[in-house]
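*Asks:* Mind having a look at this structure? Questions to follow.
The values are calculated or read from the model by the stated rules, or taken from the named source; none is laboratory data. On a predicted model such as this, the values are computed, not experimentally measured, just so you know. Reconstructed Cβ throughout: ideal geometry from the backbone, glycine too, with neighbour counts over all protein chains shown. Side chains included, ligands, DNA and RNA excluded: accessible areas come from the protein's heavy atoms. Shrake-Rupley method; radii C 1.70, N 1.55, O 1.52, S 1.80 Å.
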Amino acid sequence: MSVDPLIFPDSDALARAAAVQLMELSAAAIAERGVFTLALSGGSTPKKLYTLLAHDPAFATFQWAKTQLFFGDERHVPPDHAESNYRMTKETLLSTGLVPDASVHRVFAELGDAAQAAAEYEAEIRRHFVGDARLDGVPRFDAILLGMGPDGHTASLFPGSAALQEETKWVVSNWVEKFKTDRITFTFPLLNAARTVLLLIAGADKAPMLKQVLGDTRGTYPVERVQPRDGVAVWMLDQAAAAELPSASA
Ligand code: 6PG
């Protein structure tokens with residue numbers, strides 16, 4: 001996969017660089033269209049980014065009042081559950097009150113039926129992305145944050161899972177065998193309609209997979225299928241995650 005990743009000394013530098021990217025992307029989107037639509041990623045890597053955006057004076061001018069926040073995936077748990085991506089985002093960013101409640105579109109993952117939660121979330125996205133906010137009819141996020149697991153998954157698109165084959169729906173429930181649970185996730189059609197996808201990948205445990213995905217072997221891992229049709233994917237790595245790449249230097 002021919003990608004020229006941005007490599008940073010450590011996860012703090014990676015988080016700060018991602019925050020700068022989001023500042024620039026949001027300013028441009030708001031200047032052009034009056035709104036910045038952003039889908040957040042879950043897990044642990046983005047915690048430092050969300051904390052910076054919430055508390056660092058360098059990002060105090062972030063235009064949250066003109067930003068609409070969505071979630072690229074969610075675990076099938078209530079919003080106060082330890083595994084909830086919404087809870088993580090609330091603890092790091094939303095609890096500051098910087099983002100108007102009406103601008104936060106969470107997945108109703110407390111619903112017993114994950115497929116219903118996914119369908120309702122897709123309907124919420126459909127309601128919000130109207131007119132020219134679409135690419136060939138697919139909602140076009142200004143920015144989508146993604147991470148990558150050591151197994152090459154992204155969002156909740158895991159190797160061997162059914163959602164990898166989804167070509168029309170934008171949000172689906174996806175059974176994840178390794179965790180014996182459903183997840184709710186954006187699909188590739190939705191991810192690849194975005195203007196910009198920022199892939200934030202940190203930690204030595206990601207190095208072997210990055211060597212495969214970005215190195216000289218062509219795997220068939222889900223994260224390789226993040227290829228915006230009319231947009232850009234920016235791979236942002238820390239040194240530890242990039243350690244097995246040919247040119248691991250920033
Ligand atoms: C999730 C994320 C998931 C995450 C990767 C990396 O819900 O967990 O969306 O795709 O980005 O698993 O997770 P870490 O950042 O914790 O390594």
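*Asks:* Report the extension gain between residue 105 and residue 136 in nm, rounded to one decimal, defined as 0.36 nm multiplied by the number of residues separating them, less their alpha carbon distance. Each step should come with its number before you reach the end.
*Replies:* Working: separation 31, 0.36 × 31 = 11.16 nm, distance 2.30 nm.
Difference between extended and current length: 8.9 nm.
*Asks:* Could I ask something else about it? If you roll a 1.4 angstrom probe over the protein chains with everything in place, what fraction of the accessible area of the chain belongs to carbon and sulfur, to the nearest %? Don't skip to the answer; put the middle values down first.
*Replies:* On the way: 5690 of 10840 Å².
Summing carbon and sulfur atoms, their accessible area is 53 percent of the total for the chain.
*Asks:* Something else about it: What nm distance separates the two modelled labels at residue 220 and residue 247, each placed 7 Å from Cα along Cα→Cβ?
*Replies:* 3.0
*Asks:* Still on this structure, please answer the following. Over the chain, average the accessible area per residue using a 1.4 Å probe and give it in Å², no decimals.
*Replies:* Working: 10840 Å² over 250 residues.
Averaged over the residues of the chain, the accessible area is 43 Å².
*Asks:* Based on the mean of other beta carbon atoms within 10 Å per residue, what is the order of 180-193, 123-136, 99-112, most packed first?
*Replies:* Highest to lowest by the protection proxy: 180-193, 99-112, 123-136.
*Asks:* If you don't mind, there's one more thing I want to ask. Greater than 31 Å separation of Cα atoms is the criterion. Which listed pairs, 66/178; 48/180; 66/206; 66/211; 66/180, meet it? Numbers along the way, then the final one.
*Replies:* Working: 66/178 39 Å; 48/180 28 Å; 66/206 34 Å; 66/211 38 Å; 66/180 38 Å.
Violating the 31 Å limit, Cα to Cα: 66/178; 66/206; 66/211; 66/180.
*Asks:* Further question on the same structure: What spacing in nm lies between the two simple spin-label points modelled at residue 95 and residue 82, each 7 Å away from Cα in the Cβ direction?
*Replies:* 1.6
*Asks:* Work out from phi, with θ = phi - 60° and the Karplus expression 6.51 cos²θ - 1.76 cosθ + 1.60, the ³J(HN,Hα) of each residue of segment 237-243, listed in order in whole Hz, and give x for Gly and Pro.
*Replies:* Going residue by residue, I get 10, 8, 4, 5, 6, 8, 4 Hz, with x marking Gly and Pro.
*Asks:* Subtracting the Cα-Cα distance from 0.36 nm times the residue separation, let me have the gained length for residue 232 to residue 20 in nm, one decimal. Could the numbers behind the result be given before it?
*Replies:* Values: separation 212, 0.36 × 212 = 76.32 nm, distance 1.65 nm.
Roughly 74.7 nm would be gained on extension.
*Asks:* Another one. Any chance you could get the radius of gyration and Dmax over the Cα atoms of segment 1-112, in Å?
*Replies:* Rg then Dmax for segment 1-112, in Å: 14.5, 43.
*Asks:* Measuring from the lowest to the highest alpha carbon on each principal axis, how far does segment 123-250 reach, largest first, in angstroms?
*Replies:* Each principal axis gives a Cα extent; for segment 123-250 these are 43, 35, 21 Å.
*Asks:* For Cα pairs less than 8 Å apart in space and 6+ apart in sequence, what is the mean separation divided by the residue count of the chain, i.e. the relative contact order in percent?
*Replies:* 24
*Asks:* If you don't mind, there's one more thing I want to ask. Once ligands and nucleic acids are excluded and a 1.4 Å probe is used, how much of residue 44 is accessible, expressed in Å² to the nearest 10?
*Replies:* 80
*Asks:* Moving to a separate point now. How high is the FRET efficiency from residue 10 to residue 61, r the C-beta distance, R0 22 Å, rounded to 0.05? Mind showing how you got there, number by number?
*Replies:* Working: r = 25 Å, r/R0 = 1.16.
Computed FRET efficiency for residue 10 and residue 61 comes out at 0.30.
*Asks:* Within 12 Å, Cβ to Cβ, of residue 235, how many net charges do the neighbouring residues add up to if Lys/Arg are +1 and Asp/Glu are -1? Numbers along the way, then the final one.
*Replies:* Values: positive: 206; negative: 4, 224, 238.
Charge balance near residue 235 sits at -2.
*Asks:* Within the P(r) computed for the chain, what percentage of the Cα pairs occupies the region above 24 Å? Kindly include the intermediate steps, with their values, before the conclusion.
*Replies:* Details: 13327 of 31125 pairs.
Tail of the P(r) past 24 Å holds 43 percent of the pairs.
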